[in-house]
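For reference, the structure discussed in these notes is given below.
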Amino acid sequence: MENSTKQNENVSTSKQRHGCVTAWLIFMIIANSLIAVTYLFATEFTLNNFDGETSKTMIILLGIFSIANVFFAVMLFQFKKFGFWGFVGTSIVVLVINLSAGLGIGQSLFGLIGIAILYGILQIKKDNVTAWESLE
């Protein structure tokens, strides 16, 4: 009897997130994986379709940051707050890369909107607790 009570307590205290948060994290993993594959394995195609003065090295760097974003999304999936801060860091670096590649300030800043969306998504509550509050 005592063992089943402990199991029920563990289930009720385990971290949970709203389904929309889970869906967004899965979307981020898939999207960043596809972006990384495109940047790293279709570099010439990407260069031909990129505005500004972008080098092959910049495209490869963007691919590496996309891989990092997959890692950070997985960390958020595991309730690790540094996953969010990792996204902030990669977004700032990509902003600098975009500006140095000659993209306009508007296009370059557009990438920071993703951070605001992610933060907003993490505010969705499940059982009166936000996903942000559940991060360690």
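The residue that is nearest to T43 (Cα to Cα), among those in the range 53-99 that are outside any helix (DSSP H, G or I) and of a type outside the set (S, T, Y), is E53. Of all residues in the range 79-99, those being in contact (Cβ under 8 Å) with a residue 40 or more places away in the chain and surrounded by fewer than 17 Cβ atoms within 10 Å (Cβ to Cβ) number 3.
When L109, L61 are checked against the criterion of being under 18 Å from Y119 (Cα atoms), out of contact with any strand residue (DSSP E or B) (no Cβ under 7 Å at 6 or more places or on another chain) and modelled with pLDDT under 95, a single residue qualifies: L109. If you go through the range 1-42 and pick out every residue that is modelled with pLDDT under 80 and part of a helix (DSSP H, G or I), you end up with 12.
Note on the range 100-126: residues that are touching a residue at least 24 places away in the same chain (Cβ under 8 Å), within 18 Å of F77 (Cα to Cα) and part of a loop (DSSP other than H, G, I, E, B) total 2.
The values are calculated or read from the model by the stated rules, or taken from the named source; none is laboratory data. Not measured: the values here are computed from a predicted model. In this analysis, Cβ positions are derived from the backbone assuming ideal geometry, glycine residues included, and neighbour counts consider all displayed protein chains.
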